[in-house]
Amino acid sequence: MKLSELIRMSLRTIISSPLRTFLTMLGVIIGVSSVVTLVSIGQGTSEQIAKQYENMGTNLLVVTATGNGRATQLNYDELMNFENFPEFQSIAPTMTKNGSNVKYDRTQEKYNVIGTNDRYFNIIKANIDKGRNLAPADLEFRSNVAILGSEVAKTFFGQLNPVGEDINIDGVVFNVIGTLKEKGSNIGGASVDSAVIVPLETARRQFKLGQIRTTYVEAPTKDDIYTAQDTMKQYLTYKFKSDTGFVLTNQDELLKARTEATNTLTNQLVAVALISLLVGGIGIMNIMLVTVSERTREIGIRKSIGAKRRNILLQFLVEAVVISGMGGLIGLALGIGFSYALPYFSPKQTTSLSFDIGLYSFLFSVFVGVVFGLYPANKASKLRPIDALRSD
C-alpha cells in the first residue's frame, strides 16, 4: 500500500471522530505553540537588551565611587588625563542632583540635574536636537547654561524652541542653550530624556554637590574596554589604597551576562513546554491503543485477505504520525499568532520569530508521533488473524 493511500485512510479515520482526534492532539498543540511563543519572547527580549546596550555602546565603562571621605574622592583633572592613553577615547565625569525643582513661567516639575562635560553626549550616544552642546568655555567659566532632555523640553515648552529662554533650578537661573533628541531609557531604566544637563563645576558650586561619583569612560573599540578597565582598576586601587570603594561596570560584560541569563531562562521554559509535548505523545499512544482494540476485527479481516505485518504496522503508525503532525501544524500556527499578538497587548514586550525553531518544533511533534505510535502499531501488527476475527 502506498504512503499516500495510508495518509488518506488515516485522514478518513481522523475525520470520522473529530472530537476524539482534537483531544488526542491537544497536548501536541499546546506543546508546539508554547515552544514557539516562549522562544519568540526569549529572542525578542535578548534583542531588546542588545539594542539597549547598543544605544549606550558596548565599549563603555562606568566607574562608580562608593566610598566616603577625601580618600575616595575622584579628581576631575586626573580622570581627564586618561584620555592621553591609547585605550581611552573619551571621559565624562558626572555629578547628579536628584529631584531638583525645575521651574519655567508657572510650570514647576522635579527632574534630575546632571553636571558633566562636553564629552558626555557622545559617550552615551545622545544627540542634540536644537541649539548646541556644552563648550569648553562653559566648563571653564562655570556658566549657568543648561541642556534639556526631550521630556523636560516638552513639559515646559511643548513644540516651541526653548533655546535662549531662562529656567529656574532650585532658585538658580540657567539659560537654555540646547535640547536633546528623544533617546529612551538605558538598561538600568534611567533616561537622559527626563534630565537637565549643566556644566560639571557649575553643578558642584550652585547645588553644593560633593565629589564625583560616576564617570563614563569610552574606549576606541570593544576589545580596548578590557584594557581600559584594568588600567582604571590599577589607578583606583593605588589612589584609594584599597581595591574596595569603587565599582567598574563593563557594558560588554553586562550584555553577555544578561543575554546568557535570558537564554538560560528561555531554555528552561522551553524544556517545560517540551514536557507537554511528551504528555501529548502519551495521549496519542493511549488513544491509538483504544483504536487498535476497537478495530481488532478490521485487522483480522485485512490479515486474512493477505495484508502483511508491516502493512498493519504502517497503517497505525502513519495514523499516529498524521495526528501528531496535524497537532504540530495547528500549534505552530497558534504560536506564530500569539507571537504577533503579544506586543499589541503588552507594548513593552517584544517578540522575534525564528523559522528554525518553528521547523524543529513541528519535526519534534512528528517524532513524538513516531515514538508513541510505534507501540500501538506494533501491537496491532502482531495480532493473529484467527484471534482478531473472533473479537466482537
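All of the numbers you see were taken from the coordinates with simple rules; none came from a lab. All values reported here derive from a predicted model rather than from experimental measurement. Using ideal geometry, Cβ is built from the backbone for each residue, glycine included, and neighbour counts are taken over all protein chains shown.
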Item to complete: Sort segment 161-285 into rounded, prolate or oblate with this rule: let a ≥ b ≥ c be the square roots of the eigenvalues of the Cα gyration tensor; rounded if a/c is under 1.5, and if a/c is not under 1.5, prolate when a/b is larger than b/c, oblate otherwise.
Response: oblate
Worksheet item: Using only helices, what value at 222 nm comes out for the chain when you add -39,500 (n - 2.57) per DSSP H run of length 4 or more and divide by the total residues, to the nearest 500 deg cm²/dmol?
Response: -19000 deg cm²/dmol
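Efficiency by 1/(1 + (r/R0)^6): what FRET value for GLN349 and ASN75, r their Cβ-Cβ distance, R0 = 56 Å, to the nearest 0.05? Numbers along the way, then the final one.
Details: r = 44 Å, r/R0 = 0.79.
Computed FRET efficiency for GLN349 and ASN75: 0.80.
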Worksheet item: Given the Cα-Cα distance of GLU83 and VAL272 and 0.36 nm per residue of separation, how much length would full extension add, in nm?
Response: 63.0 nm
Worksheet item: Label-point separation (nm) for LYS110 and LEU19, each offset 7 Å from Cα along Cα-to-Cβ?
Response: 6.2 nm
Fill in: Set of lysines with alpha-carbon distance to LYS233 below 25 Å, sequence-local pairs under 8 removed
LYS125, LYS222, LYS241, LYS256
Worksheet entry | Potential lengthening between GLU260 and GLU47 on full extension [0.36 nm per residue; Cα-Cα distance subtracted] | 75.5 nm
Worksheet item: Under 25 Å from the Cα of LYS239, which lysines turn up, not counting those fewer than eight places away in the same chain?
Response: LYS208
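Going by the alpha-carbon gyration tensor, a ≥ b ≥ c the square roots of its eigenvalues, is the chain rounded (a/c under 1.5) or, if a/c is not under 1.5, prolate (a/b greater than b/c) versus oblate? Mind showing how you got there, number by number?
Details: a/c = 4.81, a/b = 3.00, b/c = 1.60.
Cα axes put the chain in the prolate bin.
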Worksheet item: How far is it, in nm, from the label point at LEU363 to the one at LYS382 when both lie 7 Å from their Cα along the line to the Cβ?
Response: 3.1 nm
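With a ≥ b ≥ c taken as the square roots of the eigenvalues of the C-alpha gyration tensor of segment 112-175, please select rounded if a/c is under 1.5 and otherwise prolate if a/b is larger than b/c or oblate if it is not?
Taking the square roots of the gyration eigenvalues as a ≥ b ≥ c, segment 112-175 is oblate.
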Discussion item. For the chain, take the longest principal axis of its alpha carbons; what is the angle in degrees between that and the long axis of helix 309-345, to the nearest 10 within 0 to 90?
Written reply: 30 degrees
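Give the peptides 140-152, 85-97 in descending order of average Cβ contacts within 10 Å, highest first. If you can, show how the numbers build up before the last one.
Numbers: 140-152: 21.2, 85-97: 19.5.
Those peptides, ordered most packed to least, come out 140-152, 85-97.
Can you tell me how much longer the chain between ASP230 and TYR340 gets when fully stretched, taken as 0.36 nm per residue apart minus their C-alpha distance, in nm with one decimal?
Working: separation 110, 0.36 × 110 = 39.60 nm, distance 4.44 nm.
Result: 35.2 nm gained on full extension.
What is the packing order of peptides 234-242, 216-224, taking the mean over residues of other C-beta atoms within 10 Å and listing the highest first?
On the way: 234-242: 14.0, 216-224: 18.6.
By packing density, highest mean first, the sequence is 216-224, 234-242.
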Worksheet item: Helix 251-294 versus the longest principal axis of the chain: what is the Cα-based angle in degrees, 0 to 90, to the nearest 10?
Response: 20 degrees
